[in-house]
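The values are calculated or read from the model by the stated rules, or taken from the named source; none is laboratory data. Model, not experiment: these values are computed from the prediction. Every residue, glycine as well, gets a Cβ built from its backbone with ideal geometry; the counts of neighbours run over all protein chains shown.
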Amino acid sequence: MFSTAFLDIPALAGASGTVRLPGSKSISNRVLLLAALASGTTTVHDLLDSDDTRVMLDALRALGCGIDAAGSTLRITGIGGQLKPNGPLLPLFLGNAGTAMRPLTAALSLLGGEFELSGVPRMHERPIGDLVDALTQLGCHIDYLGNPGFPPLRIRPADHGTLALDTPIRVRGDVSSQFLTALLLALPLAAGSAAPTLGTGVSSLPPEGVAPPRGGPSAGRDIVIEVVGELISKPYIEITLNLLARFGIAVRREGWERFTIPAGSRYSSPGDIHVEADASSASYFIALGAIATGAPGQNSIRIEGVGADSIQGDIRFIEAARQMGAQVDSGPNWLEVRRGAWPLKAIDLDANHIPDAAMTLAVMALYADGPSTLRNIASWRVKETDRIDAMANELRKLGATVESGPDFIRVHPLAQAGWLPASIRTYDDHRVAMCFSLAAFNPARVPVRILEPHCVAKTFPDYFETLFSVAEAFEVPVICIDGPTASGKGTLAAEVARLLGYHYLDSGSLYRVTGLAMRRAGLSADPQHEAQVAALAAALPLHFTEGKVLLAGEDVSDEIRTEAAGMDASRVSTLPAVRAALLALQQRFRQLPGLVADGRDMGTVIFPDAALKVFLTASAAQRAERRHKQLISKGISTTLDSLRSDLEARDARDSSRSVAPLKPAQDARHLDNSQLSIEQSIDQVLNWWQEKQPFKPA
């Protein structure tokens, strides 16, 4: 996941290949809650690992559920619909997860106990009043701790014996389908034939032969929910009903207006349950297949983990993509998408049935043959942000003409000359970040900047990595930082790479590792062994991760940082065959979204077309002092004079060698950091880089 302040996506030329999607958020959090409420143990496979599922899991652990994790598999031991009696007030922080806040509000209102539910500021702006109204008419006790109608909430216990179950529970359906889902998931707690009197852990069933109180859970009555107004996002209710059935709750549905939970309903674990891949996340790669072309013979995007027979409503995004011209094939648990009509065909669509995935259509509309209109999307306004306003604002930054209203958005396509490089504000909304990445395939070849890209952690933490695994750029940007030994180029380059979210190449490590491999093989850096050393270099099983250098899985970071290893690196770098062997290896580090490479000839030999070249230097005296402090801190005894002499000798050797001598590229920026802190050096390089970017402030 990219945790940088922004992510620059260069102009993308095409895409092809296979992606495996993470589990569905909607299914994951429903399954987690149902498994927690059921008796026994449920093994959940392929669960989504994201911010929303983590806050749900944290809440369930706090409620006393047993949760054992092993990779993407979880074993959840449920509480059987009963909490431990007389527990203290339990605060639960639920982030910005509507799929946790709404269902937990309903379930905790019926479980007993005292709770405070809160979230991030945006969650406190997302309405919950219609759900609270439905629960309070039932007899639950819920107080607002801030603005009425919105979280945070205080929940107090309610006695099942006093719940008003003899009349239908009415809930609005035209704001969010999550209100109805919350009631459907939670009300079996009140329908079970042995529901506890809340907060006591004691059954509220009367003694045998004694009539139960009217309206109580053991009265043998069905529980009826009536929807007021038009129910939006019906496919999400279908997910809820499907999963309830898996857990033993057979809800009867009369159209979309009346739902009946049979008397005596009890949650029963299915034992094992698999989470489908997320159909909403599939929309970005379905769109990618419709927009992009690949290399000859590789002109499609294959999506694994979800198929056209998915229980998720957003899979119907396929229908809209086909209307726009995409060619889509499907099989058990897979989709394959390729470009068909081009430009895409404009659409006018009631998108109420695919509210999350429809955002992707708004970006696809930029590539259409006329204006596209998405209607009946009022629910966008109460999501993670006001999505109608957010999409309109950011599409206009790209140069598009956009019209919007209370429940619609109309997007006009962009001609090649009309595209603008834009910094896309994401509003802490994962779907805004993901769908706007598709703008990087624009015909004007302008880049796109995504602000706060880490917001994708809500549902798809590795989204950008997955996109980059199948996308091809016209040109991957490179920053080269060259300089003499001990100039600080490695520290500078690594930090610049981290701040930009770019890959990092420490070319000096390649030569140091080659030198280490040479010594271990009993070879030396001379013409006699040149071919053998080059063969070793070409096949190095090398990997850089988290500041470590791994050789065939072994951490050799410390071993290659000794003075002897540095001398070996300098010697092997003079062998032309070794340099040729390592050239291709170094160039393979040039991957999306970009690369920062440090060394001695990055800008002159390895990446002569780099967008920014920096030649970093400092006086030999200053470099010797820095190296002295570094070695002393590691317990290595040395002197300043010897270090300075060694550095000056290396400078002379590196500058005079016949192959790729140390020298600045003609177009390099010179940075003498003798009197600069590392922070000042980083700021200077980043400023130079930003000067080359076309983005205006967001």
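Side notes on the structure shown:
- Cβ-Cβ contacts under 7 Å between residues 6 or more apart (or on different chains), taken from a first residue in the range 426-454 that is without any contact (Cβ under 8 Å) to a residue 40 or more places away in the chain to a second residue that is surrounded by fewer than 24 Cβ atoms within 10 Å (Cβ to Cβ) and among the charged types (D, E, K, R), are listed as THR426/GLU452.
- One residue stands out among those in the range 291-329 that are of a type in the set (Ser, Thr, Tyr) and over 26 Å from LEU243 (Cα atoms): the one that is modelled with the highest pLDDT, which is SER300.
- Residue check for ARG322: crowded, with 17+ Cβ neighbours inside 10 Å, touching a strand residue (DSSP E or B) at 6+ places or on another chain (Cβ under 9 Å), outside any strand (DSSP E or B) and of a type in the set (D, E, K, R): yes
- Screening the candidates GLY199, GLY220, GLY209 for the property of being under 24 Å from ASP166 (Cβ atoms), surrounded by 14 or more Cβ atoms within 10 Å (Cβ to Cβ) and at pLDDT below 95 yields one hit, GLY199.
- Residue within the range 659-669 that is of a type in the set (S, T, N, Q) and over 36 Å from the mean Cα position of the chain (by Cα) present: yes
- Qualifying positions in the range 31-45 - in contact with a Lys or Arg (Cβ under 6 Å, 6 or more places away or on another chain) and either among the acidic types (Asp, Glu) or within 20 Å of LYS84 (Cα to Cα) (or both): THR41
- Of all residues in the range 621-646, those satisfying the criterion of being within 45 Å of the chain's Cα centre (by Cα) and part of a helix (DSSP H, G or I) are GLN622, ARG623, ALA624, GLU625, ARG626, ARG627, HIS628, LYS629, GLN630, LEU631, ILE632, SER633.
- Residues of the range 291-343 that are aromatic (Phe, Trp, Tyr) and under 27 Å from LYS234 (Cβ atoms): PHE317, TRP334.
- For the range 553-570, the criterion of being assigned to a strand (DSSP E or B) and touching a strand residue (DSSP E or B) at 6+ places or on another chain (Cβ under 7 Å) is met by at least one residue.
- Subset tally (residues that are surrounded by fewer than 20 Cβ atoms within 10 Å (Cβ to Cβ), assigned to a loop (DSSP other than H, G, I, E, B) and over 28 Å from the mean Cα position of the chain (by Cα)) for the range 582-620: 4
- Applying the criterion of at least 3 residues that are more than 20 Å from LEU83 (Cα to Cα) and assigned by TED's automatic domain parsing to the domain that holds THR240 to the strands (runs of 3 or more DSSP E) found wholly in the range 110-178 leaves 169-172.
- Within the range 15-70, considering residues that are part of a helix (DSSP H, G or I) and hydroxyl-bearing (Ser, Thr, Tyr), the one farthest from SER280 (Cα to Cα): THR53
- Any hit, the range 349-360, residues being closer than 22 Å to LEU12 by Cα, touching a Ser or Thr at 6+ places or on another chain (Cβ under 6 Å) and among the hydroxyl-bearing types (Ser, Thr, Tyr): yes
- Filter pass, GLY488 being at positive phi and either over 27 Å from the mean Cα position of the chain (by Cα) or of a type in the set (A, V, I, L, M) (or both): yes
- Highlighted here are the strands (runs of 3 or more DSSP E) found entirely within the range 443-542 that include at least 3 residues which are modelled with pLDDT of 95 or more: 448-451, 471-473, 478-482.
- Test result for PRO127, in contact with a helix residue (DSSP H, G or I) (Cβ under 7 Å, 6 or more places away or on another chain) and closer than 27 Å to LYS458 by Cβ: yes
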